[in-house]
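One structure is given here, and the rest of the page talks about it.
The values are calculated or read from the model by the stated rules, or taken from the named source; none is laboratory data. The structure presented is a predicted model; accordingly, all values stated were derived computationally and were not measured. Here the Cβ is made from the backbone with ideal geometry for all residues, glycine too, and neighbour counts use every protein chain on show. For the accessible areas, the whole protein counts, side chains as well, though only heavy atoms, and no ligand, DNA or RNA atoms are used. Shrake-Rupley method; radii C 1.70, N 1.55, O 1.52, S 1.80 Å.
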Amino acid sequence: MHLLIALTAHETAHLLSAILLKIKFHKVKITLFGFNFDADLENIMFVKKMVLFLSGPLMNFCLYIIFADTAYDYFANINIFLCIVNLIPIVPLDGGNICKTILEIFLDMNSVCRYIIMTNTFFMVCFMVIIYIYKNYLYFLLVVMALKGILEENRCLTEKIIRNNYAVIRMGNRGRRMHG
């Protein structure tokens, strides 16, 4: 029950941030990995994205501070655990989205997608080694999350390539019509 309350607080912080920042989303899906907002974040300002992605872990950290060294110490520990896990830099976790947002300032979208794929792959291997050594199968959930992030980034990269190629083809056809 404590975990469910902590997860709900985390996701509610994201939802409230999206509403307060006026980030438009079409629907909210509840998945194994939390809430999934169907929103186009490509044209959202850097600061708004950072606030959105940091709001969940920050909520868990605040709950940790409030409930640490009280009768609800177990609840506090769950919150600090969620805060730390969500800051692991793999997409779809908040830490991965924060890294992606920062990288978008310095790199083109193709490079960002490739970096996220490499990072997720690296952490997937690390988690599999941890699973093998410690026989702790909880890390399998993080492997699945990393794999989901790799698939999302591949899809994103493929869509961008198709859009760019389509734009080039359309421009080429316009040029032929003008000269022909």
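Normalising by residue count, the chain has a Cα convex hull of 142 Å³ per residue. Rounded to the nearest 10 degrees, the inclination of helix 46-67 to the longest alpha-carbon principal axis of the chain is 10 degrees. Not counting the cut sites, what is the longest span of the chain without trypsin sites (Lys or Arg not before Pro) that DSSP labels loop and that have at most 14 other Cβ atoms within 10 Å? Looking at the chain, 28-134 is the longest stretch - no exposed trypsin sites (Lys or Arg not before Pro) with at most 14 other Cβ atoms within 10 Å.
Tell me whether region 25-89 comes out rounded, prolate or oblate; compute the Cα gyration tensor, take square roots of the eigenvalues as a ≥ b ≥ c, and use a/c under 1.5 as the rounded threshold. Cα axes put region 25-89 in the prolate bin.
Evaluated with a Cβ-only charge set (Lys, Arg +1; Asp, Glu -1), the chain carries a dipole of roughly 1040 debye about its Cα centre, given to the nearest 20.
The simple Förster model, with R0 at 45 Å and r as the Cβ-Cβ distance, assigns K135 and Y166 a FRET efficiency of 0.40. Centroid-to-centroid, using Cα positions, region 103-168 and region 35-83 are 22 Å apart. Across the chain, Cα pairs under 8 Å and at least six residues apart give a relative contact order of 16 percent. Extension gain, T8 to Y72, is 21.4 nm, computed as 0.36 nm per intervening residue step minus the present C-alpha separation. Rounded to whole numbers, the Karplus 3J(HN,Hα) couplings from phi for region 37-44 are 8, 7, 9, 8, 8, 4, 9, 8 Hz, using 6.51 cos²θ - 1.76 cosθ + 1.60 with θ = phi - 60°, and x at Gly and Pro. Can you give the local net charge around L82? Use residues other than it whose beta-carbon is closer than 14 angstrom to its beta-carbon, Lys and Arg +1, Asp and Glu -1. Neighbourhood net charge equals -2. Relative to the dominant Cα principal axis of the chain, helix 73-86 is inclined by about 20°. In the full protein context, the chain carries 65 Å² of accessible surface per residue, based on a 1.4 Å probe and ignoring ligands, DNA and RNA.
Comparing mean-square fluctuations of T158, T70, T121 from a GNM of the chain with C-alpha springs under 10 Å, the top value falls on T70.
Tell me the angle of helix 94-106 to the major Cα principal axis of the chain, expressed in degrees between 0 and 90 and rounded to the nearest ten. The helix 94-106 is inclined about 40 degrees to the chain. Backbone geometry of region 23-30 corresponds, through the Karplus equation with coefficients 6.51, -1.76 and 1.60 at θ = phi - 60°, to 3J(HN,Hα) couplings of 7, 7, 9, 7, 7, 10, 10, 9 Hz, x marking Gly and Pro.
For F81 and N154, compute 0.36 nm times the residue count separating them, minus their Cα-Cα distance, and round to one decimal in nm. So the extension gain works out to 23.4 nm.
When the solvent-accessible area of the chain is split by element, carbon and sulfur atoms take up 69 percent of it, the probe being 1.4 Å. Candidates I150, M128, N173 compared by Cα position along the dipole of region 60-180: farthest toward the positive end lies N173, with charges placed on Cβ.
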